[in-house]
Amino acid sequence: MKSVKRIEIVVDSVELNRLVEVLEESQLKGYTVIKDVLGRGLHGLRDGGDLTDVLTNVYVLVACNEDQVHPLIEQLRPILTRFGGICLISDAQWVVH
Amino acid sequence: MDTGTILSNALNPAILFFFLGVASVLLKSDLEIPSPLPKLFSLYLLLVIGFKGGVELAHSGFSTQVLLTFIAAILAAVVVPIASFFVLRLKLDVYNAAAIAASYGSVSAVTFVTATTFLQQTGIPYNGYMVAALAIMESPAIVAGVLLVRVYDSKQEKGVNWSEVLREAFLNGSVVLLVGSLFIGLVAPETAQKSLEPFTKGIFYGVLTFFLLDMGLLAARRLRDLTATGPFLIGFGILAPVVNAVIAILIAKLIGMGEGNALLFAVLCASASYIAVPAAMRLSIPEANPSLYVSMALAITFPFNIIFGIPLYLQLIRILGV
C-alpha cells in the first residue's frame, strides 16, 4: 500500500467543468465524480428540484501525492471562494494492484 | 372578467395534472418522475415547437409584420430585465436583483407551449413565427443581468468572463435546440414534415401533460422557499408578469398583431425562465441566491401564468381591442 492524500470536494453542479479543468491542469492521474449530490451549506439548501442542476452539487474524489496537494488547493481556492463548496483533505492508503 | 375562460383553462387536463403534482407534494406522497425524464420532456417540447415554428415560418415568409414582431421581441428582452432590476433594487442587493431580473427578462418555453395549446383549444389562430420570437427572447436577458451587475456593483473586482457569459447565453442547450429545430423546420421538405407528424403532433399533448405533472411536483417543492422570498418578491412574481403583459399587449396593438399572436407575445413578456437563465446566473452571478430566482419562476410566476395569466391576458387583449 502507498500513502496518499485524499481530497474530497463538494461544489455546485454548474462548476463541474471548471473544476475538472483545474484537475486536468494539475496533471493528476485520475479523479471520480458523483453527480446529483444533495445537502445544505453556507449557500443554502441544495435539494435538486429544478431542471438545470442549479440546485444540486457534485462530489469529486481525488487521490494524490502529498507534494501535489498544495498547488491543487491554491487552484481550487478561488473557485471555492467565489462559488462556495467544501474541500476536505485527509490521509489515505492507496491499495497498489 | 370572463371567469368561464379561467375555469375552462383550469379544467384543461394538462393544467389538472399540474394541480395533481402540487397536491401530491402537499399530501406528502412519494410520487416522483425519474430524473432524466423531465429533461427529456423539456427537450422534446423545445424540439417540436422549434420545428413546427420553422415550418410555419417557411409558409408565412418574412413579412413586415414578422420583422416588427421580432424587433418588439428584442426590445422587450432588453427593456424588461432593466426595468425589473430597478424595481427589485428597492428591496434587494445588486446580485439578486440582477439575477431575478434576468429570469423575468427571459422566457418560459413551457408557458408558451401551454398558451399555444390554449389557443388551439379555443380556436384562436396564431402564427408559428412566434416561436422565433421565443428563441430571440431567450438570451438577451442573461447578458443584461451580467451587465447590470457590472455597472452597479461597486465591489466588483474581477472582470467578467464574457466568453463564458455569451456561451451560456447563446449556446446553452435550450437555445441551441430551439433555434436548431426552427432552422430545420424552415428548410425541411414537406414530405419530411409529414413523416414526423406522429412525433410532432401525435404525442405532443400527452408529453406536455406529463411534463406539467412534473412541473407541479417541482413548483410545490419550491413552495417552502417562498418563506425566504417574502411578500415583496411574491408580489413581484405575480404583478410583474401582469404589468409586462399589459405593456406587451399595447405594443401588440401598436404593431397590428392578431389576437393569438398578441397573447403569445404577452405570455413571452410575462413569463420567467427557470431553465436557461438559472444555469447562466449560477455561473455568472454566483453571489445571487438560486433559491430566490428559481423558486420565484417555478413556484409563483409559472403557476400564475398557466392558471390565471393566459386567460387573463386574453381578456385584456379583448378589452384593449387588439
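The values are calculated or read from the model by the stated rules, or taken from the named source; none is laboratory data. What you see is a predicted model, and the numbers here were worked out from it, not measured in a lab. Backbone-built Cβ (ideal geometry, glycine too); neighbour counts: all protein chains shown. The protein model used for the area step is the full one, side chains on, heavy atoms only, and it has no ligands, DNA or RNA in it. Shrake-Rupley method; radii C 1.70, N 1.55, O 1.52, S 1.80 Å.
Just so you know, in the range A:14-43 the residues that are without any contact (Cβ under 8 Å) to a residue 60 or more places away in the chain and open to solvent by less than 20 Å² (accessible area, probe 1.4 Å) include one that is nearest to the other protein chains (Cβ to nearest Cβ), and it is A:22.
Against the numbered list (1) hydrophobic (A, V, I, L, M, F, W, C); (2) at pLDDT 90 or above; (3) closer than 20 Å to residue B:291 by Cα, residue A:42 comes up short only at (2). Scanning the range A:1-27 for residues that are at pLDDT 85 or above, outside any strand (DSSP E or B) and over 24 Å from residue B:214 (Cβ atoms) yields A:1, A:15, A:17, A:18, A:19, A:20, A:21, A:22, A:23, A:24, A:25, A:26.
Scanning the range B:248-277 for residues that are out of contact with any Asp or Glu (no Cβ under 7 Å at 6 or more places or on another chain), facing chain A (nearest Cβ under 10 Å) and in a helix (DSSP H, G or I) yields a single hit, B:277. Of the residues making up the range A:65-97, just one is within 13 Å of chain B (Cβ to nearest Cβ) and of a type in the set (S, T, N, Q), namely A:81. Restricting attention to the range B:215-239, the residues being away from chain A (no Cβ under 14 Å) and either open to solvent by 10 Å² or more (accessible area, probe 1.4 Å) or outside any helix (DSSP H, G or I) (or both) number 8.
With respect to residue B:287, determine if the residue is facing another protein chain (nearest Cβ under 10 Å) and open to solvent by 20 Å² or more (accessible area, probe 1.4 Å). So residue B:287 passes the test. The single condition from (1) outside any helix (DSSP H, G or I); (2) open to solvent by 20 Å² or more (accessible area, probe 1.4 Å); (3) in contact (Cβ under 8 Å) with a residue 40 or more places away in the chain; (4) within 29 Å of residue B:179 (Cβ to Cβ) that residue B:62 fails is (3). Please verify whether residue B:280 is outside any helix (DSSP H, G or I), buried (at least 22 other Cβ atoms within 10 Å of the Cβ) and within 14 Å of chain A (Cβ to nearest Cβ), treating the condition exactly as stated. In short, no. Would you be able to say whether some residue in the range B:250-260 is surrounded by 24 or more Cβ atoms within 10 Å (Cβ to Cβ) and at negative phi? Yes, the conditions are met somewhere in the range B:250-260.
In the set (1) among the acidic types (Asp, Glu); (2) under 23 Å from residue B:81 (Cβ atoms); (3) open to solvent by 60 Å² or more (accessible area, probe 1.4 Å), residue B:168 fails one condition alone, (3). Do the conditions hold for residue A:51, that is, is it outside any helix (DSSP H, G or I) and touching a Gly at 6+ places or on another chain (Cβ under 7 Å)? For residue A:51, the condition - outside any helix (DSSP H, G or I) and touching a Gly at 6+ places or on another chain (Cβ under 7 Å) - is not met.
For the range A:54-64, the criterion of being exposed (fewer than 13 other Cβ atoms within 10 Å of the Cβ) and more than 10 Å from every other protein chain (Cβ to nearest Cβ) is met by none of the residues.
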